[in-house]
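Chemist: Just passing along the structure, written as structure tokens.
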Amino acid sequence: MTNLISTDVLKRRIENSEELIILDVRTNEEWDEFHLPGAIHIPLHELESRLSEIECHKDCEIIVYCRSGGRSGQACMFLELSGFCKPVNLKGGISAW
């Protein structure tokens, strides 16, 4: 089961300058409109073919977000099945930001 993180907790962690791995799985158009600073952008439909780009973070917490939480939930399940230890879904997605 995928863990969730609220926007309030994530904002606090960003404000505290924690080293975070944040993955944005939205489309290129959504990314261009707004994205979290320092986020890695891999659209959900490209995640499987580009998994090697984040392979080095397999044992780290990866906070995943999309617009509302649906695609990021799918991405978290895929990451878990691919051996990633700690995918965390941003509850409500970037819309809750």
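Chemist: Does segment 1-26 hold any residues that are in a loop (DSSP other than H, G, I, E, B) and not hydrophobic (A, V, I, L, M, F, W, C), and which are they?
Modeler: Step one: filter segment 1-26 for residues in a loop (DSSP other than H, G, I, E, B), giving 1-2, 6, 16-21, 25-26.
Thr2, Ser6, Asn16, Ser17, Glu18, Glu19, Arg26, listed by residue number.
Chemist: Out of segment 37-96, which residues are β-branched (Val, Ile, Thr) and surrounded by fewer than 18 Cβ atoms within 10 Å (Cβ to Cβ)? Break it down into steps so the answer makes sense when it comes.
Modeler: Step one: of segment 37-96, the residues β-branched (Val, Ile, Thr) are 40, 42, 54, 62-64, 88, 94.
The answer is Ile40, and nothing else.
Chemist: For segment 11-41, enumerate the residues that are over 15 Å from Ser68 (Cα atoms) and either touching a helix residue (DSSP H, G or I) at 6+ places or on another chain (Cβ under 7 Å) or hydrophobic (A, V, I, L, M, F, W, C) (or both).
Modeler: Ile14, Leu20, Ile21, Ile22, Ala39, Ile40, His41
Chemist: Quick one: is Glu29 among the charged types (D, E, K, R), part of a helix (DSSP H, G or I) and out of contact with any Pro (no Cβ under 6 Å at 6 or more places or on another chain)? Spell out how you get there, then give the answer.
Modeler: Working: among the charged types (D, E, K, R): yes; part of a helix (DSSP H, G or I): yes; out of contact with any Pro (no Cβ under 6 Å at 6 or more places or on another chain): yes.
Answer is yes for this residue.
Chemist: For segment 60-84, give me the residue count where each residue is assigned to a loop (DSSP other than H, G, I, E, B) and either under 10 Å from the mean Cα position of the chain (by Cα) or farther than 18 Å from Arg13 by Cβ (or both).
Modeler: At the first step, the residues of segment 60-84 found to be assigned to a loop (DSSP other than H, G, I, E, B) are 60, 66-69, 82-84.
Imposing the further condition that a residue be either under 10 Å from the mean Cα position of the chain (by Cα) or farther than 18 Å from Arg13 by Cβ (or both) reduces the set to 66-69, 82-84.
Matching residues across segment 60-84 total 7.
Chemist: On to the next question. Mind listing whichever residues of segment 80-97 are over 11 Å from Leu4 (Cα atoms) and touching a residue at least 24 places away in the same chain (Cβ under 8 Å)?
Modeler: To start, the set of residues in segment 80-97 that are over 11 Å from Leu4 (Cα atoms) comprises 80-85, 94-97.
Result: Glu80, Ser82, Gly83, Phe84, Cys85, Ile94, Ser95, Ala96, Trp97.
Chemist: Another question, then. Six or more apart or on different chains, Cβ under 6 Å: which pairs go from a residue in segment 67-78 that's among the polar types (S, T, N, Q) to one that's assigned to a helix (DSSP H, G or I)? Could you list them?
Modeler: These pairs meet every condition: Ser68/Ser95.
Chemist: Looking at segment 52-66, I want the residues that are in contact (Cβ under 8 Å) with a residue 24 or more places away in the chain and closer than 15 Å to Lys91 by Cα and have a partner that is in a loop (DSSP other than H, G, I, E, B) and charged (D, E, K, R) with Cβ atoms under 8 Å, at least 6 apart or on another chain. Which pairs are those?
Modeler: Tyr65/Arg26; Cys66/Arg26
Computed from the coordinates by the stated procedures, all read-outs in this text should not be read as laboratory data. Being a predicted model, the structure only gives us computed values, none of them experimental. Ideal geometry is used to build each Cβ from the backbone, glycine not excepted, and the neighbour counts take in all protein chains shown.
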